[in-house]
1. So, in region 118-147, of the ones that are of a type in the set (D, E, K, R) and within 18 Å of THR171 (Cβ to Cβ), which residue ends up nearest to the chain's Cα centre (by Cα)?
2. Does any residue in region 186-199 that is of a type in the set (Val, Ile, Thr) and open to solvent by less than 40 Å² (accessible area, probe 1.4 Å) come within less than 8 Å, Cβ to Cβ, of a residue that is modelled with pLDDT under 90 and not in a strand (DSSP E or B) six or more places away or on a different chain, and which pairs are these?
3. Restricting the search to region 149-169, which residues are part of a helix (DSSP H, G or I) and either surrounded by fewer than 19 Cβ atoms within 10 Å (Cβ to Cβ) or small (Gly, Ala, Ser) (or both)?
4. Assuming PHE174 fulfils every condition listed in (1) open to solvent by less than 20 Å² (accessible area, probe 1.4 Å); (2) touching a residue at least 40 places away in the same chain (Cβ under 8 Å) apart from one, which condition is it?
5. Could we say that HIS70 is over 14 Å from the mean Cα position of the chain (by Cα), in a helix (DSSP H, G or I) and touching a residue at least 24 places away in the same chain (Cβ under 8 Å) here?
6. Scan region 89-104 and tell me whether some residue there is touching a residue at least 24 places away in the same chain (Cβ under 8 Å), surrounded by fewer than 19 Cβ atoms within 10 Å (Cβ to Cβ) and within 27 Å of ALA3 (Cβ to Cβ).
7. Give the residue that is surrounded by the most Cβ atoms within 10 Å (Cβ to Cβ), with candidates limited to residues of region 5-29 that are of a type in the set (Gly, Ala, Ser) and over 24 Å from LYS154 (Cβ atoms).
8. Against the condition surrounded by fewer than 22 Cβ atoms within 10 Å (Cβ to Cβ), of a type in the set (Gly, Ala, Ser) and in contact with a Gly (Cβ under 9 Å, 6 or more places away or on another chain), how does GLY146 come out, does it pass?
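The values are calculated or read from the model by the stated rules, or taken from the named source; none is laboratory data. Worth saying up front: this structure is predicted, and the values here are computed from it rather than measured. Here the Cβ is made from the backbone with ideal geometry for all residues, glycine too, and neighbour counts use every protein chain on show. To get the accessible areas, we keep the full protein, side chains included, count just its heavy atoms, and leave off ligands, DNA and RNA. Shrake-Rupley method; radii C 1.70, N 1.55, O 1.52, S 1.80 Å.
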Amino acid sequence: MLAVRGIDNYYGKLHVLRALTIEVGRESVGLFGPNGAGKTTLINAIMGLARPARGEIVFEGRSLLGLAPHQIAHLGIALVPQERELFPLMAVKGNLESGAAHIPAAREKMKSTMEFVFELFPILKQRLGQPAGTLSGGEQRMLAIGRALMANPKLIILDEPSLGLQPSVVTHLFGTLKEIKQKASILLAEQNVRQSLKAIDRGYVLENGEIALEGDAASLAGNEHVKRSYLGL
C-alpha cells in the first residue's frame, strides 16, 4: 500500500533521514525511536510537508512526491498529528464532520462512519454539542482520531497518540487500534513501545535517521536492544 524507498531528508545541513525504507501493507505498523530519531520528519515527508532530497514515496502505485497535503488526503491517507489541531471553538460534531467535508466519498458515508467513531469512543457522542477546546486531553485525542477516521482513509497515521495522556486513557486508545485496523491500515509513530507492541502487527525501530531494527511485534518484544532501551527490562 505505502512504500517509502531510500529517502534522505535534511533540515539545513542536518541529515535527518538516511536512505530510509519502510513499507505498510494492509496491517498495523509501529515506528519507534527516541525524540529526534526522525519519526515526525518521516511522517511529514509522507504527507507532503517535507520534500525528500532523494528517494521515493509511493501509495497504491502512485508517487506522492510533489503532491500537496490535501491531494494526499484525497488519495486516502489521514494524519492524526501530535498537536491534535482541532477547531477549539467548534463543537465536537462540527469537528467530526470537518474530517469528511472535502472528500466526496467520505461525505457519502458520514453517518455510518460517525456511528463507528461513537462505537470506538462513546464519550464523544455525549459531548457532541460541546466545544472541542473544553474537552479533556484524552477526549481531544479521541476526537482527533475520530475526525481522521471520518475521512474514510485507507491508511491512518498516528503521531505520538499517547503523548501527555494518563495511563488509563492510553490503554483505551491502544485498545481501539485493532478495531480501527478493520477499516484502515495503520502507521503508528510512538515512544510508548510497551503498549504499542500489544497492538501492532510489526514495526521498525528508527535511530539517528536510520532503521536500526525491524520485525514482527513478537520478535521486537523479545529483542535484547528493544528490552534494554525501550522496555526498561
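1. ARG141
2. Close Cβ pairs (under 8 Å, with a partner that is modelled with pLDDT under 90 and not in a strand (DSSP E or B)) amount to VAL193/TYR230; VAL193/LEU231.
3. Result: PRO167, SER168, VAL169.
4. PHE174 satisfies all of (1) open to solvent by less than 20 Å² (accessible area, probe 1.4 Å); (2) touching a residue at least 40 places away in the same chain (Cβ under 8 Å) except (2).
5. For HIS70, the condition - over 14 Å from the mean Cα position of the chain (by Cα), in a helix (DSSP H, G or I) and touching a residue at least 24 places away in the same chain (Cβ under 8 Å) - is met.
6. Checking region 89-104: at least one residue is touching a residue at least 24 places away in the same chain (Cβ under 8 Å), surrounded by fewer than 19 Cβ atoms within 10 Å (Cβ to Cβ) and within 27 Å of ALA3 (Cβ to Cβ).
7. By that ranking, first place goes to ALA19.
8. For GLY146, the condition - surrounded by fewer than 22 Cβ atoms within 10 Å (Cβ to Cβ), of a type in the set (Gly, Ala, Ser) and in contact with a Gly (Cβ under 9 Å, 6 or more places away or on another chain) - is not met.
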